[in-house]
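The values are calculated or read from the model by the stated rules, or taken from the named source; none is laboratory data. Values in this document were obtained by computation on a predicted structure and should not be read as measured data. Cβ: placed from backbone, ideal geometry, glycine included. Neighbour counts: every protein chain shown.
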């Protein structure tokens, strides 16, 4: 295998600066408008091959990447690999050599193990896009969250953003924190101590709360993260009803945020656990818009990586 | 307006440090004057003749087997035993059947306590579902319902990772986790402290270090998580040393002991006396002395009755098969007075210290406080006689002993709820 250091990847948000992030958001914004008017340019990725390599079940993200690639005219292949047979590094590298031999251009990977996309990126000649790895990063989710916020406030800086839920097990939280910090926001994380690592409190611009009300006070954005049912009764949280009672985003708590504060959720939601239906379905909710921006952001990511790899 | 005037009483209020003769006025259930000269008209006059008037005792660890095994002790019978022991505030363990692991059950215990009209009863909530040591109980909801702390009662949490999670989770609730420090696998099947005597008796044994091992583990986890923990019925010097060192380091830890651990030793099980079968088991003399020293130097924060009811059938069995535990409400004060502490210090461990530890507004003689009072004669003797003690359970390890500190009267919210035999009501 040839050295691949010149190949551009999107493995995570950590280390990216405002200058790295903004071009993705700008391009995504234009793709959002083109998608709405059904005028996406079909020739951008014409002749390029995108493989969606999903080692973990996902409908939303995989569909979003597939649509993004198709709207830009790429040839798309979806590979969903049963989780049970592939959590060994050896198999992952074997898969890498196989894919390499097929000469694909862009490889979108989701894997249950943190660091799997990074490992793969060392062994393939395609550009690798991390579509979520373990509890590590989910960079396109952070970009789409950033874009959604920027469209509403006209800026992505100087905002008070509350992120509530299972921070400890969330790759979305990590990528969002990196991105929102890089852009210069005031981040407030809330959750029970079992789901909120103390270590995050040492980051500049990040404040931890075990009382969600404190995190939400005067917030511009209230972002809920999914608290998986598996966490309930596992020793981390006693029950869904206790979680909702102490940490669920309901109308009373949302009223603590600024009037018109955005309600966000990366999905899939557990209604009545981390978020009340009345809040999820309220006019303040931009949850559907997040999904829409997801396609636009992924178009922008595939487009930019492809261009960086093959300069015109 | 109903009022009671106590005169010629030795007022001891550990919260303020007072120990001197005086008088005290109670009006409408509250303490309204300390050292008033004359009784108001129509006040009931109680002549103390130099007896001690102190705050009603606060017992931070008792078990009444309601719900589930009311034949041993229910909340009514337990409350009667409590007031006979001068106790007016009680924290009840949650490892009943069913365990107090549901907000509705917390409300149930509180309502049953109020119905007695004798004592303030405060339930602990289960730390894990069913107090079984597995999944976390809904401690946030239980606290909202009124649980004053969390514990699995007589069981220790075996799984270290689970313990870590429980302590981490409890950390944000501003509550205290009450622990029975005994390594469960070492203790399993054992009924006596490992010693030459237990070997001779042929009893299955538990090494004394089973306590220190658990204390060491949980102190580390408390330091890691920042949780506030409290060790119950500490019975060994080794565990006390660890706790003293942890307090020095700023770890949020407190502990109590129970009267048997400073007044008795393994010698008391000599004739296979099942009434002296306790959990943790009675220790050797060196540990008993260490507990006395811990009481004197302040390492031990409170004394609790550790009241554990058993009926005759529970105890009339071969030693290893008999149920562990002894009653302790009626003898709490008398045995504590044997510890050789100044009276003010002894009463502190039975009143304001446990009240503060649990955040309860009790255990003090201040003006405006509820008139929960205990009137006792420190030098007057009485004989503990199993079978004729107040309350349902009679399994006292102190059967036959002569104790000082006979309780004359107990008042709860200004009402006389106990009067000793031979005194006019």
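Which one of these does residue B:319 not meet: (1) surrounded by 17 or more Cβ atoms within 10 Å (Cβ to Cβ); (2) at pLDDT below 95?
Here residue B:319 meets the rest and fails (2).
So, of the residues in the range A:252-266 that are surrounded by fewer than 17 Cβ atoms within 10 Å (Cβ to Cβ) and either in contact with a strand residue (DSSP E or B) (Cβ under 7 Å, 6 or more places away or on another chain) or in contact (Cβ under 8 Å) with a residue 12 or more places away in the chain (or both), which turns out to be farthest from residue A:147 (Cα to Cα)? Walk me through it before giving the result.
So in the range A:252-266, the residues surrounded by fewer than 17 Cβ atoms within 10 Å (Cβ to Cβ) come out as A:252, A:255, A:258-260.
Filter once more, so that each one left must be either in contact with a strand residue (DSSP E or B) (Cβ under 7 Å, 6 or more places away or on another chain) or in contact (Cβ under 8 Å) with a residue 12 or more places away in the chain (or both): A:258, A:260.
On the way: A:258: 20, A:260: 18 Å.
The residue in question is A:258.
Within the range B:166-180, count every residue that is in a helix (DSSP H, G or I) and either within 17 Å of residue A:231 (Cα to Cα) or more than 13 Å from every other protein chain (Cβ to nearest Cβ) (or both).
Step one: list which residues in the range B:166-180 are in a helix (DSSP H, G or I), which gives B:166-173.
With either within 17 Å of residue A:231 (Cα to Cα) or more than 13 Å from every other protein chain (Cβ to nearest Cβ) (or both) added as a condition, the list becomes B:166-170.
Residues flagged as in a helix (DSSP H, G or I) and either within 17 Å of residue A:231 (Cα to Cα) or more than 13 Å from every other protein chain (Cβ to nearest Cβ) (or both) within the range B:166-180 amount to 5.
Among the residues of the range A:228-243, write down those that are under 11 Å from residue B:139 (Cα atoms) and at the interface with chain B (Cβ under 7 Å from one of its Cβ atoms).
Kept after step one, since they are under 11 Å from residue B:139 (Cα atoms), are these residues of the range A:228-243: A:237-239, A:242-243.
The answer is A:238, A:239, A:242.
Inspect the range B:216-227 for any residue being at pLDDT 95 or above and under 30 Å from residue B:318 (Cα atoms) and give the result as yes or no.
No, the conditions are met nowhere in the range B:216-227.
Working only within the range B:40-86, note down all residues that are out of contact with any strand residue (DSSP E or B) (no Cβ under 9 Å at 6 or more places or on another chain) and within 13 Å of residue B:330 (Cα to Cα).
Matches in the range B:40-86: B:77 only.
Of the residues in the range B:223-263, how many are touching a residue at least 40 places away in the same chain (Cβ under 8 Å), more than 26 Å from residue B:340 (Cβ to Cβ) and more than 14 Å from every other protein chain (Cβ to nearest Cβ)?
Qualifying residue count, the range B:223-263: 1.
In this structure, does residue A:272 turn out to be within 13 Å of chain B (Cβ to nearest Cβ) and either under 21 Å from residue A:175 (Cβ atoms) or at pLDDT below 95 (or both)?
Values: within 13 Å of chain B (Cβ to nearest Cβ): no; either under 21 Å from residue A:175 (Cβ atoms) or at pLDDT below 95 (or both): yes.
Considered against the rule, which asks whether it is within 13 Å of chain B (Cβ to nearest Cβ) and either under 21 Å from residue A:175 (Cβ atoms) or at pLDDT below 95 (or both), residue A:272 comes out as no.
Assuming residue A:195 fulfils every condition listed in (1) within 22 Å of residue A:262 (Cβ to Cβ); (2) under 21 Å from the mean Cα position of the chain (by Cα); (3) within 13 Å of another protein chain (Cβ to nearest Cβ) apart from one, which condition is it?
Checking residue A:195 against (1) within 22 Å of residue A:262 (Cβ to Cβ); (2) under 21 Å from the mean Cα position of the chain (by Cα); (3) within 13 Å of another protein chain (Cβ to nearest Cβ), the one that fails is (1).
Considering each of B:310, B:353, B:322, B:362 in turn, give the residue that is over 23 Å from residue B:29 (Cβ atoms) and in contact with a helix residue (DSSP H, G or I) (Cβ under 6 Å, 6 or more places away or on another chain). Write out each step before concluding.
Numbers: B:310 fails: in contact with a helix residue (DSSP H, G or I) (Cβ under 6 Å, 6 or more places away or on another chain); B:353 fails: in contact with a helix residue (DSSP H, G or I) (Cβ under 6 Å, 6 or more places away or on another chain); B:362 fails: over 23 Å from residue B:29 (Cβ atoms).
On inspection, the qualifying residue turns out to be B:322.
Give the residues of the range B:313-337 that are closer than 20 Å to residue B:62 by Cβ and not in a loop (DSSP other than H, G, I, E, B), sorted by residue number.
Passing the criteria: B:314, B:315, B:332, B:333, B:334, B:335, B:336, B:337.
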